[in-house]
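The values are calculated or read from the model by the stated rules, or taken from the named source; none is laboratory data. Bear in mind that the values here come from a model prediction, so they are computed numbers and not experimental data. When we count neighbours, we look across all protein chains shown, and the Cβ atoms used for this are built from the backbone with ideal geometry, even at glycine.
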Amino acid sequence: MTAFSLEPAQLAWCAELRTLAAERLHPLADKGAPGHVNRALVAELGSLGLLGRLFTSGALDLCLMRESLAYACTEAETALALQGLGAHPVHAYGTETQRARWLPRVTAGTAIAAFALSEPGAGSDAAALELRAETDDSRGGRSSDTSPGGRSSDTPALAAAPDGPARWRLTGEKCWISNAPEADFYTVFARTTPGAGARGVTAFLVPADRPGLTGRGLDMLSPHPIGALDFDAVPVTADDVLGEADRGFRVAMGTLNLFRPSVGAFAVGMAQAALDATLAHTAGRDAFGGKLRDLQAVSHQVAEMALRTEAARLMVHAAASAHDADDPDVPLRSAMAKLLATETAQYVVDTAVQLHGARALQRGHLLEHLYREVRAPRIYEGASEVQRGIIAKELYARQEAR
C-alpha cells in the first residue's frame, strides 16, 4: 500500500466506524454534560475495542479512526483522542508496573487519562514551562496535607499516594488541560533542572488523588472537558517518572509527533461532514429559478471545498505512513499535515456555513456545532504559527546538511 491510497478493507472499516459513531456513540454523546468527561461514552469506546487499538495500531490506523468518528460524532472522536494522548506516554515510555496498572483500565474505558503540558505562561513555547519539581532536600522535607483534587466524588480512587518518601514535590499550575480536572491520572511535565530549557523537563505519571493536586473546569468555546490544575507540593517519586529524568521533552515531542497528523485527520473528518452537508443542501435548495448548485459562484466554492479536503486527507495519510515507516522526516510531515488539515477544515466549515445561510447559525444545526468545534485544532498541540516554524526549521536544517 502506498501513502496515497487505502485498501478495500480499510475503506470498509472506515464505513463501519462511521455507522458505529452515528448509531451507538452519538446517542451517548447527546446525553453527556457539556464541559465534563462523558464516562459512559468512553466506556462504550472501550467495549467496542477502539481504545485498545490506540496502542496496537500505527499512526495511519489512528488517523482513520479519528477521521471516521469525527465525521459522525466529534465528541466520540475527541474522547478517544484524549485517552490516547494522555496514555500514550505511559504506553511508550512507562515501566512495566506503570503500564500494567493503568493501560488495561484506559483501554476498557474505566480510567480517564490526560496530557498536562500547557501552562498559563507556556502554551506554544512548551519548553518554557515553569511547574517546579523540587527535591525534598531543597524544601526541607516539607509535607503536604492538602486534600486531593481532580475527580468527581463518585469516581472510585484508582491510586494512592506514593509508597515511601517523595523524591520531588510538584508546585505550580497547568492550564487548558483536556479531561481536567476529572481525569484519573495525568502525564505531567515539570521542570527538574532550572534554566536548562527543554533539557531540564521530566515527565511524571501523577494519579489524580495525590495530596496537593486540585483542579477546576474552564468554560470553553467547544463543550469538551478542559480545566486547570493546581499543584501544591504534590509528592512524586522515581517510580512515577516516565522515561528518564530531565528527558521529558522527548516524551512530549514523541507523543505530539504521533498525534499531530491525527489532529489533521480529525479536521478532515469535520471538513468532509461539512462538505457532504453542503452538497445535499445546494442540490436541493431552490434559488433564483433553479437549484443553488446551478449557480457557478456556488458550484465553484463546492469544488474548492472538495479539492482542499482531499489534499489535506492525502497529506495526513502521507504523514501517518511516514511515522509508521520511521521516516526521519516525521516532524516535518506531521507539522505540514496538521497545519494544512486544520486550516483547510476552518475554510471548509466556514464556507459551508456561508452557503447554508442563516439556518447554519441556529443552535443545534450540524454546521453550528462544527463551527465551534473546528476552531480549537488550529491552536492545540502546536498552533498553526508553531507548525510553520517547525516546517521552516526542518527545511533549513535539511538544506544545511546537503
> Of all the residues that make up region 266-324, how many are surrounded by fewer than 21 Cβ atoms within 10 Å (Cβ to Cβ) and of a type in the set (F, W, Y)?
Replying inline: 1
> Mind checking which residues of region 348-402 are assigned to a helix (DSSP H, G or I) and among the hydroxyl-bearing types (S, T, Y)?
Replying inline: T351, Y371, S384, Y396
>> I'd like the full set of residues that are at negative phi, of a type outside the set (V, I, T) and assigned to a strand (DSSP E or B), limited to region 165-191.
In response: W168, R169, L170, E173, K174, C175, S178, F185, Y186, F189, A190, R191
> If you take the residues of region 354-368 that are without any contact (Cβ under 8 Å) to a residue 40 or more places away in the chain and either under 21 Å from A72 (Cβ atoms) or in contact with a strand residue (DSSP E or B) (Cβ under 9 Å, 6 or more places away or on another chain) (or both), which of them is surrounded by the most Cβ atoms within 10 Å (Cβ to Cβ)?
Replying inline: A360
> Which residue out of P162, P194, P148, P156 is in a loop (DSSP other than H, G, I, E, B), at pLDDT below 70 and farther than 26 Å from G35 by Cβ?
Replying inline: P162
